[in-house]
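The values are calculated or read from the model by the stated rules, or taken from the named source; none is laboratory data. Model, not experiment: these values are computed from the prediction. FYI the Cβ positions are ideal-geometry reconstructions off the backbone, even for glycines, and counts take in every protein chain you see.
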Amino acid sequence: NAIGPIAAAITYSQGNVEIATKVAVPLWLLVFGGAGIVIGLATWGYRVIGTIGERVTEITPTRGFCAEFATATVVLVNSQLGMPISTTHVLVGSVIGVGMARGIKALNLRIIWDIMKAWIATVPIAAVISAVIFKVLVVV
């Protein structure tokens with residue numbers, strides 16, 4: 001998900017200051033992004049998959065299909081509109097949606113609250129880390 005903005009930053013740093021609708025993404029950057037996804041899945045992915053697939057609500061094949069179809073639709077539409085979107089966030093919303101279709105009692109509200117707290121904490125934590133990295137790079 002972050003490869004597009006990184007490609008734009010690299011393009012800008014190479015002197016291409018015009019805003020472009022399309023940016024060429026170098027192969028090494030795609031490999032780097034793919035490696036990041038693999039490392040993320042290998043280290044914490046099983047916990048995320050387990051939480052979304054088993055702890056938010058009961059998922060049957062039919063509910064899983066509905067959640068995945070809704071996720072694919074939302075991601076596709078937003079991609080066509082050029083809007084960045086987190087597939088994981090959309091999938092969590094879809095899983096909550098199929099759970100809500102069965103009633104609020106079908107949802108594990110404690111797990112949903114824990115997920116929401118993590119999402120809320122992510123923004124300021126990422127902002128602080130970004131600011132520190134920027135300051136270090138400016139000094140270098």
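Observations on the structure shown:
- Hey, ALA72 surrounded by 12 or more Cβ atoms within 10 Å (Cβ to Cβ) and closer than 24 Å to THR60 by Cα or not: yes
- Residue within the range 98-111 that is of a type outside the set (A, V, I, L, M), surrounded by fewer than 17 Cβ atoms within 10 Å (Cβ to Cβ) and under 18 Å from the mean Cα position of the chain (by Cα) present: no
- Residues in the range 34-83 that are among the hydroxyl-bearing types (Ser, Thr, Tyr) and farther than 24 Å from ASP114 by Cβ: THR62, THR73, SER79.
- In the set (1) closer than 17 Å to VAL48 by Cα; (2) at pLDDT 95 or above, the condition left unmet by THR87 is number (2).
- Residues of the range 22-74 that are more than 24 Å from ILE111 (Cα to Cα) and not aliphatic (A, V, I, L, M): LYS22, PRO26, TRP28, PHE32, GLY33, GLY34, GLY36, THR73.
- Considered as a group, the residues in the range 29-71 that are in contact with a Leu (Cβ under 7 Å, 6 or more places away or on another chain) and assigned to a helix (DSSP H, G or I) include one that is farthest from GLY103 (Cα to Cα), and that residue is THR71.
- For the range 64-86, residues that are aliphatic (A, V, I, L, M), within 26 Å of ALA8 (Cβ to Cβ) and in contact with a helix residue (DSSP H, G or I) (Cβ under 7 Å, 6 or more places away or on another chain) total 3.
- The set of residues in the range 92-140 being under 23 Å from GLU58 (Cβ atoms) and either among the acidic types (Asp, Glu) or in a loop (DSSP other than H, G, I, E, B) (or both) consists of ALA101, ARG102, GLY103, LEU107, ASN108, ASP114.
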